[in-house]
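One structure is given here, and the rest of the page talks about it.
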Amino acid sequence: MKKIYLLGATGSIGQQTIEIIRANPYDFVLAGISGFNNFELVKKLAKEFEPEIVAVKTVEEAQILMSEFRNMRVVYGEKGLEDLAGYHPYHDIVLVNALVGMVGLKPTLKAIETNRTILLANKETLVVGGHLIREKLKTSRAKIYPIDSEHNALWQALNGEDINAVKRLIITASGGAFRDKSRSELETVSLEEALNHPNWSMGAKITIDSATMINKGFEIIEAAYLFDIDIDRIDTIMHRESIIHSMVEFNDGSIIAQIADHDMRLPISYALNYPLRKESIANKFDLIRLNDLHFEEIDINRYPCLAYAKEAYHIGGSMRTVLNAANEMAVELFIEKRISFLEIERIIKKEMSNHQVIDFPSLEQIYEIDQEIKTRINQEY
Ligand SMILES: NC(=O)c1ccc[n+]([C@@H]2O[C@H](COP(=O)([O-])OP(=O)(O)OC[C@H]3O[C@@H](n4cnc5c(N)ncnc54)[C@H](OP(=O)(O)O)[C@@H]3O)[C@@H](O)[C@H]2O)c1
C-alpha cells in the first residue's frame, strides 16, 4: 500500500490522480491533499478520504476544517504546501506535485530534502529551479518520476538505456487551440477560443500555454533536466492527434515511441505503480487509428514563445525565472480579459530584453525576481 500526498488535489491532474486512487483502494491511500481556491472540494475530499494532513489557502479555512475534522493536521498558505510535502519524513512516501506555476518549487525542494518519490506534473518547478533541484538531488535519496505525458513517454521509451546512446529526444506537440490560425487571425482570438484545446481537457493555464506553445518550450527545459541531456539534442514535432506522446531516437537509428490514447490517467498510473505495470482505468487505444497520424515540422516564427523558452534556457540562470514569471502574469491577465492573446508573447519578450541575468540564482533571488516582474506587469496593464 503506497501512501500518496497530493499537492493540487482540486485541479485537473489532481482529480485524475484521485480517480486512480479510488479505483485501486488496495494499492493506494490518499494521506494528504491540498487545494487553493476550491475550498468546497477540499472539504468534500477531506470527508471522503480522511487524510492525515490537508493544506488550504487561508487560516480561516484551516480553522473551519480543524473544527470539523479533529484528528486531521490542517496547514495553510505557501508554508502549508511545504509542510505537506515534508510530512512524515520516511523515504517510501509518494508526493504527487500537481500544482500549477512556480508555487510548486519550494514544496518540491522540501520533498527532495525528505527523500520522497516525487511524481512531478508541475513543470514550472523545473523551468525556474532546475539548477537548484539538480543540486539538491545529489545529496538525497529522492527520485523524480515525470507524469507530464511527453516526459512519461520518454521515460518509458528510454527504459533505463544509457543517455549517451540517445541521438535525440523527440517531443510531440498537438499545436494547441490555434494551430490552424494565421498570425493576423491571432490578433483577435478570444479567451474562450484559447481554452478550447483540440485533444486534452486540462487546467486553464496549461491550455493557454499550449495555444502560445510556450508549454512545448517548458517541456524541452523540463526534459533537459529530467534526462540530463543537452537541449540541442531535444527536438519538437507537430503531431495533431496526440497519440504518439514522444519518441527517443537512438544512435543506431532506431526510434522508440510510446503510443496511447490521450488520457493523463495512463502516465499518472504508470508513475504511481512504477516499477510495476498494472491494469489502468485509462482509455485504451485502437491500433487501427494509427492509419491516420500526421507529423509536421514546427514553424518557430509562428510560435515565438517556443523560441523565447529556448533562448531563456540557453542564456540560463535567472532568465528562466523571467520567462516563467512574465508568462504566469500575462496568462493571468489574459484570463481576466485585461490583455489580448498576442500581448502574452509581447510581455514575455519585453521582460526578457530588460533583464540583467544572475547566473546561478538562489531560491531567495528567484522569488524576488518573480515578485518584481509580476508586480510590474500587473501595474502596467
Ligand atoms: N492537466 C493536464 O492534463 C496536464 C498535463 C501535463 C502537465 N500538466 C501540468 O500539471 C500542473 C497542474 O496542471 P492542471 O492542469 O492540473 O492545473 P489546474 O487544473 O489549474 O490545477 C492546479 C492545482 O493547483 C492549485 N493551485 C493553483 N494555484 C495555487 C497556489 N497559488 N497555491 C496553491 N495551490 C494552487 C489549484 O487549486 P484550486 O483549484 O483549489 O484553486 C489546483 O489544485 C501544471 O504545471 C501543468 O503544466 C498538466
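The values are calculated or read from the model by the stated rules, or taken from the named source; none is laboratory data. Only a predicted model underlies this, so the values are computations on that prediction, with no experimental measurement involved. Backbone-built Cβ (ideal geometry, glycine too); neighbour counts: all protein chains shown.
Key figures
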{"item": "Residue match in region 305-316 (condition: of a type in the set (Asp, Glu) and over 30 Å from Lys181 (Cβ atoms))", "result": "no"}
{"item": "Enumerated strands (runs of 3 or more DSSP E) restricted to region 45-120, each holding at least 2 residues that are closer than 27 Å to Ala326 by Cβ", "result": "117-120"}
{"item": "Residue that is surrounded by the most Cβ atoms within 10 Å (Cβ to Cβ) [pool: residues in region 127-165 that are within 16 Å of the ligand (Cβ to nearest atom) and over 18 Å from Ile268 (Cα atoms)]", "result": "Val128"}
{"item": "Condition check for Thr125: closer than 20 Å to Ser246 by Cβ, polar (S, T, N, Q) and in the same structural domain as Glu219 (by TED's automatic domain parsing)", "result": "no"}
{"item": "Among residues of region 22-44, those that are part of a helix (DSSP H, G or I) and free of Cβ contacts under 8 Å to residues at least 60 places away in the same chain, counted", "result": "7"}
{"item": "Matching residues in region 326-341 - criterion: being in contact with a Leu (Cβ under 9 Å, 6 or more places away or on another chain) and surrounded by 17 or more Cβ atoms within 10 Å (Cβ to Cβ)", "result": "Phe334, Ile339, Phe341"}
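Okay, residues lined up against (1) within 26 Å of the chain's Cα centre (by Cα); (2) within 14 Å of the ligand (Cβ to nearest atom):
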residue	(1), (2)
Val29	yes, no
Ser34	yes, yes
Phe39	yes, yes
Leu45	yes, yes
Phe49	yes, no
Glu52	yes, no
Val56	yes, yes
Arg73	no, no
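Residues are listed down the side, and each one gets a yes or a no for (1) more than 11 Å from the ligand (Cβ to nearest atom); (2) charged (D, E, K, R); (3) under 21 Å from Ala309 (Cβ atoms); (4) within 19 Å of the chain's Cα centre (by Cα):
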position	(1), (2), (3), (4)
Ile220	yes, no, yes, yes
Phe227	yes, no, yes, yes
Ile256	yes, no, no, no
Arg265	no, yes, no, yes
Ala271	yes, no, no, yes
Phe285	yes, no, no, no
